[in-house]
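Participant: Before I ask anything, here is the structure I am working with.
Taken together, the values in this text are just the output of simple stated rules run on the coordinates, not laboratory data. Quantities reported herein were computed from a predicted structural model and do not represent experimental measurements. Reconstructed Cβ throughout: ideal geometry from the backbone, glycine too, with neighbour counts over all protein chains shown.
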Amino acid sequence: MTGMTDTPPEIPAAFNGSVNGSPAPAQQTAQGVSEIAGMLPQFPDAMAMVLRQVLQQVQVLTRQHLCAVCVAARKGWQAAHERELKAAAAAAGQAAGLPDGDPRAGQLDPAPFLPVHLRPGAGAEGMPPLTAALTSVSGTEVCSAHVAGPPGGKQLILASTAFSPSMLAGLG
Ligand SMILES: [Zn+2]
């Protein structure tokens, strides 16, 4: 190591955990989480249970499974609009200065280069969103918008054997 420059590597303020002498936001968050975890035994049981559930939900969310209904909708949309998607990807590549036919164009976001009526949020024909799954119904991971199955149909629930008629009757 003596042959190398003996200047210590400089740590940017944002990474060494302090900005102007106060803890950086990430460090504050980390401290907050460990403080909550440390306080858990002091909380009444009900409160601790709620906090544990919240922590579990955070872990589930960070797994980033996608809603199966959203994925199916997006796949169908992509198949139906393959031509427009390819043109949009090529335009995205061109805008990014990539040479014609560069495969990296496929990794760019084609959405801004789609025809207006196909862009995300454009309406019935717009690119369907891919939403992270929040829960699972009969082993199918779904987002909050698709818990009851695809719009217009209740396939997930009808196909399920987990819901007995009495349970459904009980739900009113
Ligand atoms: Zn969904």
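Participant: For a Förster distance of 22 Å, can you work out the FRET efficiency between the beta-carbons of residue 148 and residue 75, rounded to the nearest 0.05?
Facilitator: Calculated transfer efficiency: 0.60.
Participant: Could you please rank 83, 104, 74, placing first whichever residue has the fewest other Cβ atoms within 10 Å of its Cβ?
Facilitator: 83, 104, 74
Participant: Taking the Cβ of each residue in 35, 125, 141 as the centre, tally the other Cβ atoms inside 10 Å and list the residues starting with the fewest.
Facilitator: Fewest to most other Cβ atoms nearby, the residues stand as 35, 125, 141.
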